[in-house]
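The values are calculated or read from the model by the stated rules, or taken from the named source; none is laboratory data. In this text, all values refer to a predicted model and were calculated from it rather than measured experimentally. Every residue, glycine as well, gets a Cβ built from its backbone with ideal geometry; the counts of neighbours run over all protein chains shown. SASA here: full protein model, heavy atoms, side chains in, ligands and nucleic acids out. Shrake-Rupley method; radii C 1.70, N 1.55, O 1.52, S 1.80 Å.
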Amino acid sequence: MSRLNQLSQYKKHLEERYTKLMERSKDYKYVDEAKSDMASYKAMKILEKINRVKYLDNSLV
């Protein structure tokens, strides 16, 4: 498996996790603020990873 395929699969996995966490954050917004904040924080961390992978993907191409 080439590095580009690995990066694209990893990027896809991160984007799926990011969308799930953002949905969870929005769902808990009015129910439990602590859960909403934790989901939002985790989503921000994953977004950082997504940006790193995008940078690596652009530099390899």
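Observations on the model:
- Taking the inverse of the mean reciprocal distance over all distinct Cα pairs, the Kirkwood hydrodynamic radius of the chain comes to 12.4 Å.
- Peptide ranges 5-13, 43-51 listed from the most packed, as the mean C-beta count within 10 angstrom indicates: 43-51, 5-13
- Exposure of residue 2 as accessible area (Å², to 10), given a probe of 1.4 Å and all protein chains: 60 Å²
- Within the shell defined by Cβ-Cβ distances under 14 Å, the residues around residue 43 carry a net charge of +3, with Lys and Arg each +1 and Asp and Glu each -1.
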